[in-house]
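Each remark here refers to the structure printed beneath this line.
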Amino acid sequence: MTVDNIDNEAHGMFRNYVLPYLIFAVYKLLYWSWRIRYEENEEFKKNLKEKKLLVIAHWHGDELGILYLLKRYHCSIMASTSKDGSLMAKAAELLGSEVSRGSSTRGGAAALKGIFRLAKKGWNPSVAVDGPKGPIYEIKPGVFEISKRLKADIYPLSVAVNKKHVFEKAWNKSFLPLPFTKVQVVVGEPMRAPAREEDSRDPKLAKDLKFRINDARQRAAKLIAATSEEG
């Protein structure tokens, strides 16, 4: 075995077996410092309590700000088959989620099958609706196909914080809440599952859901501004 092979193997072991736990530990420490408030739709809370299947929809850039919700809402997610996707998948599992691997560009069909399989076990799909590569804030039809197949209503979710680090070079402008920040979660009014005969690619569906997610986003921003004024 050459030195290069040893280095590559060591790097692979670190990335696969050490780095995910470091990411989890750092994120957990941050999460414990956050002051989180929730405004959740009453029907959403009722469905969670009764373990009625539902779909959560959010913008891709909010992911780091809502990972801690995976366990609270008993969510499954899709993660890409890339190296970065592997890190996200392991971190999500450590945070209490179940993960289906794949994306719209790599193994998408397998990922959807995995989501449906997990849904049969009671896991609520959480979907970054403008992922995996954008364009930002443009909803892809996958969330409607999932909702239709599962006959599960879609709940728009957004989060606002008063202190964050924005990853400006990322296409989705993702952000990470800073230590001791205030966090406001909003789960808005549901969008009913599309009927069987409806086309998941219908622009009217995307327009409706986009409005609902942005409405939740504006509500979260308004609430976080109010709490910031409180001190």
Q.
Once you place label points 7 Å from the Cα toward the Cβ at residue 42 and residue 145, how far apart are they in nm?
A. 3.7 nm
Q. What whole number of Å gives the distance from the Cα centroid of the range 32-108 to the Cα centroid of the range 154-168?
A. 14 Å
Q) Pairs 49/222; 28/52; 148/173; 133/222; 113/207: which exceed 31 Å Cα-Cα? A) none
Q: Indicate, rounded to the nearest 5 percent, the antiparallel portion of the DSSP beta bridges found entirely in the chain.
A: 35 percent
Q: May I ask you to list the aspartates and glutamates whose Cα is less than 18 Å away from that of residue 121, ignoring any residue fewer than eight positions away on the same chain?
A: 50, 93, 98, 153
**Q.** For the range 72-181, alpha-carbon Rg over 2.2 N^0.38 Å
**A.** 1.09
**Q.** Cα-based Rg and Dmax for the range 3-230, where Dmax is the largest Cα-Cα distance (Å)
**A.** 17.7, 59
Q: Within 10 Å, count the other beta carbons around each residue, average over each peptide in 174-180, 153-159, 129-135, 57-63, and list them highest first.
A: 153-159, 57-63, 129-135, 174-180
Q | Relative packing of 82-88, 141-147, which averages over residues the other C-beta atoms within 10 Å, highest first | A | 141-147, 82-88
Q) If each residue's Cβ is checked for other Cβ atoms within 10 Å, how do 40, 50 rank with the fewest at the top? A) 50, 40
Q | Simple label model, 7 Å out from Cα along Cβ direction - residue 84 to residue 31, nm | A | 2.2 nm
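Throughout, read-outs are computed from the coordinates displayed, never taken from laboratory work. Just so you know, these numbers come straight off a predicted model, no measurement behind them. Note that each Cβ is placed from the backbone with ideal geometry, even for glycine, and that neighbours are counted across all protein chains shown.
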